[in-house]
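Taking it in order: structure first as structure tokens, then the write-up.
The values are calculated or read from the model by the stated rules, or taken from the named source; none is laboratory data. Treat the numbers as computed from the prediction; the structure is a model and nothing was measured. In this analysis, Cβ positions are derived from the backbone assuming ideal geometry, glycine residues included, and neighbour counts consider all displayed protein chains.
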Amino acid sequence: MTKAGAGTLVGSAGKSAKRSASRAVVYCRVSSHEQLKGLSLETQSKACIDYCRSQGMEVAEVFVERAESASTTDRTQLQRMLTYCRTHRGRIHFLVVYMLDRFARNQYDHHALKAYLQKLGITLRAVAQPIDDSATGKLMDGILAAFNEFDNNVRRERCVGGMQAAASRGRWVFPPPLGYRVALKADGAKTIEPDPQAAPLVRHAFAMAASGLHSVAEILREVRRRGLTGRRGAELSSGMLHKLLRKTVYHGRVVVEDWGIDVAGDFEPLVDEETFTKAQAAITGAKPLLAGYQRNHPDFPLRRFVRCAHCSKPLSGAWSKGKRARYAYYNCPGCRRINVPQQQFEARFVELLDRLTPRPEVLKLLSAAVLERWNEEQKGVAEKRRAIEQRLEVLQQRKERVVSAYLYEGAIDKETYQSHLARVEEELTLAKIDRHDAEIDEFDIEGTLAFAEHLVTHSSRLWIEAALDQRQRLQKLFFPEGLSFDGEEFRTPLTCPFFNNIEGTSRQVSEMVEQKGFEPSTPTLRTWCSPS
């Protein structure tokens, strides 16, 4: 019976007999996001089983997906469920989920999986959503699948933004580091707290390091002897301990350089700042920073990035107090031959960026270089797609052979034919979903080229308007080896590595560019740059 429960029988006895023949499988999936909303696995499972009972369905099997990913490749229980449905074809009539977003992450996956199940005579049902075989139910099915994909895309975009916002308020948004465990605040928000067993051992490691009397190897032997292990009981290695002693989270700071965040955490530190600073000095051999000194200060983005041309020491930056006001200066802490007002120094840096702005013809070369790089990056995606296409071709050939063996050659019976055909169609469905996912992974080359052009033509304005971490990234991008300053000007700015790379790239693609009708590249960087 392939459409159990779809029709209505006259008489209670007939209706009861039809219901008793209906069997269903239940599929549940949960992520940490849904757990916060109360959609736990237990909640879903109970609701689905109760729904089956109310509809007169017998629950044949319950499949529980505990992974957070909605990717088909990562959902082992989904694949087990499909195999179960195939091997029990004709004996399973319904697949029951709590909501459709538990079933698939986008419209393509939803309709592909649903179509495959329909070939097995299985109808999809959702406990909390009104879908059935009626015209209205089918319409709702399509609308809900589209909405689920939209919601999944929006949530993905908001995820990083939400983590950044939480981290900027001092929340630890990553897995708890060694010595901490997950905890809940009074308002139900997640946080971290010292682990009663591991925290004392981590404190002891910091105390040994701060004393300056022990090497990392000695500390490692001692904390191992006391029972400190890595994640999931793995043996603590020297590298793991070294990283542990460098993590600012242990003295109560949330520091995420990529997001430009350095704030006090809303959790209990394991060590005080003095102990942490002494431990850093001991394991790195560097002198402790003075109290109140910030290595990355928003008022001095070029500090330590530019070196003195006389003694090669990194320039420092600080505020000096006058009789009536405070004044900002960049200076050399080595030979002290450089002492330049902050505004004057940074204005010269902006002028340097303006002088190095490429001419329009160079941007054509740059676009060709970026395109070449993009094609290299796409090789991996292309290879993946080719492998999937080959897999689809092989599976399609297998399907044709099965059909031919049954319909034309009579080499197999009907039961064997149905079993083999269902198995091939299951693999075809999953392969098509993988191909769709690979298409999603393709890059936006036009956006990449537009960004590259915007970056090199507006470098000075971008640097002026950017926050500290973004300024430092731009500086490193344009001048990977830094700059030197002699008190009056930046030394050899026109041969900085960033623009040398442009020059080298242009030479590599010059032949290609000329064939496409672009103007020939010039041999020197000076002729490329706009006059100052």
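For residues in the stretch 14-51 being modelled with pLDDT under 85 and in a loop (DSSP other than H, G, I, E, B), which is nearest to residue 93 (Cα to Cα)?
Here the answer is 21.
If only one of 230, 239 is within 18 Å of residue 194 (Cα to Cα) and surrounded by fewer than 15 Cβ atoms within 10 Å (Cβ to Cβ), which one is it?
Values: 239 fails: within 18 Å of residue 194 (Cα to Cα).
Exactly one residue qualifies, and that residue is 230.
Here are some conditions: (1) at pLDDT below 70; (2) in contact with a Gly (Cβ under 9 Å, 6 or more places away or on another chain). Residue 469 meets all but one. Which one does it not meet?
If we test residue 469 against (1) at pLDDT below 70; (2) in contact with a Gly (Cβ under 9 Å, 6 or more places away or on another chain), just (1) comes out false.
Is it the case, given these coordinates, that residue 260 is closer than 17 Å to residue 167 by Cβ and at pLDDT below 85?
Yes, satisfied.
Which pairs turn up if I take residues in the stretch 388-406 that are of a type in the set (D, E, K, R) and look for partners that are in a helix (DSSP H, G or I) with beta carbon separation below 6 Å, at least 6 apart in sequence or on another chain?
Pairs that qualify, where the first residue is of a type in the set (D, E, K, R) and the partner is in a helix (DSSP H, G or I), are 391/431; 398/424; 399/424.
Just name the residue that is nearest to residue 85 (Cα to Cα) out of those in the stretch 403-422 that are crowded, with 18+ Cβ neighbours inside 10 Å and within 42 Å of the chain's Cα centre (by Cα).
Step by step, filter the stretch 403-422, then rank; the result is 422.
Restricting attention to strands (runs of 3 or more DSSP E) lying wholly within the stretch 300-418, give those where 2 or more residues are of a type in the set (A, V, I, L, M, F, W, C) and farther than 20 Å from residue 455 by Cβ. Lay out the reasoning, then the answer.
Values: elements: 306-308, 316-321, 326-331, 339-341.
By residue number, 306-308, 316-321.
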